[in-house]
């Protein structure tokens, strides 16, 4: 799938607001949401995996979905969107 400029801007904005970037032995990007749909869009554009995360300590809360991308793919993503992120 070809990623458009509009897709890159959406990815950067979504991850800046809802995502997290970390590095521990390898680059990792992830985002968590109650709604799975935006994470499925990330997955269709970038790959990665979506996992269901439940927090048993917070009964009555909705399950949280988490999208993860790691390794060289995550590093490439960060290098690609870096200039689109705020300082």
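Every read-out reported here was derived from the displayed coordinates using simple, explicitly stated rules and does not represent laboratory data. Just so we're clear, the structure is a prediction, and the values are computed from it rather than from any experiment. Backbone-built Cβ (ideal geometry, glycine too); neighbour counts: all protein chains shown.
Efficiency by 1/(1 + (r/R0)^6): what FRET value for residue 23 and residue 52, r their Cβ-Cβ distance, R0 = 30 Å, to the nearest 0.05? Plugging the Cβ-Cβ distance into 1/(1 + (r/R0)^6) gives 0.75. The long axis of helix 37-46 is offset from the longest Cα principal axis of the chain by roughly 40 degrees. For the Cα trace of the chain, dividing Rg by the Kirkwood Rh returns an Rg/Rh value of 0.99. Computed extension length for residue 61-residue 37: 6.8 nm, one decimal, from 0.36 nm per residue of separation with the Cα-Cα distance subtracted.
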